[in-house]
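This report refers to the structure that appears directly beneath it.
The values are calculated or read from the model by the stated rules, or taken from the named source; none is laboratory data. Since we're looking at a predicted model, the values are computed, not measured. Counting neighbours? That spans all protein chains shown, and the Cβs are built from the backbone with ideal geometry, glycine included. Keep in mind that these areas ignore ligands, DNA and RNA; they rest on the heavy atoms of the full protein, side chains included. Shrake-Rupley method; radii C 1.70, N 1.55, O 1.52, S 1.80 Å.
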Amino acid sequence: VQLQASGGGLVQAGGSLRLSCAASGKIGSINVMDWYREAPGKQRELVAAETSGGVTQYLDSVKGRFTISRDSAKNTVYLQMNSLKPEDTAVYYCHVGMHGMGWEEYWGQGTQVTVSS
């Protein structure tokens, strides 16, 4: 299974970006698709997640600004990021958890998001 993330870039504070992550290959039953981020000197943290049942979860600091969504037919997850702040600057990684031969997890290659003040 491969995850291809795109949509990162440089944006001014208050701006918006939309990240996309498409899964391809031998895809089983996807249970969760989510986004993590890792800023320099900090641990990777969960930003937003959506389960196959449509339940969503957000990091407190992004609630009301970020929206996660899925296109199950395309095995694609999106992260709409609005009102971006400099502290949102990080490498963003998509992640998939699914039932294949067993429980499987995959990571995308990461996409850089830089928010200037």
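What to note about this one:
- Count of the stretch 1-30 residues, restricted to those that are farther than 21 Å from Asp88 by Cβ, open to solvent by 60 Å² or more (accessible area, probe 1.4 Å) and in a strand (DSSP E or B), is 3.
- Test: residue in the stretch 67-87 that is among the small types (Gly, Ala, Ser), open to solvent by less than 10 Å² (accessible area, probe 1.4 Å) and at pLDDT below 95: no
- Every pair of residues 6+ apart whose Cβ atoms lie under 7 Å, when the first sits in the stretch 76-105 and is of a type in the set (Asp, Glu) while the second is open to solvent by 10 Å² or more (accessible area, probe 1.4 Å) and at pLDDT below 95: Glu104/Gly28
- Checklist (1) over 14 Å from Tyr78 (Cβ atoms); (2) open to solvent by less than 50 Å² (accessible area, probe 1.4 Å) applied to Asp34, failing item: (1)
- Ser6 vs. criteria within 16 Å of the chain's Cα centre (by Cα) and without any contact (Cβ under 8 Å) to a residue 40 or more places away in the chain: no
- Of all residues in the stretch 45-70, those that are farther than 17 Å from Gly108 by Cα and outside any loop (DSSP other than H, G, I, E, B) total 9.
- Summed over the stretch 26-59, residues that are farther than 19 Å from His99 by Cβ and more than 15 Å from the chain's Cα centre (by Cα) total 4.
- Taking the stretch 102-117 as the range and being farther than 22 Å from Pro40 by Cβ and open to solvent by 80 Å² or more (accessible area, probe 1.4 Å) as the test, the residues that pass are Trp103, Glu105.
- Residue among His99, His95 that alone is open to solvent by less than 20 Å² (accessible area, probe 1.4 Å) and either in contact with a strand residue (DSSP E or B) (Cβ under 8 Å, 6 or more places away or on another chain) or within 25 Å of Ser117 (Cα to Cα) (or both): His95
- Search result, residues across the stretch 1-33 that are of a type in the set (D, E, K, R) and modelled with pLDDT of 95 or more: Arg18
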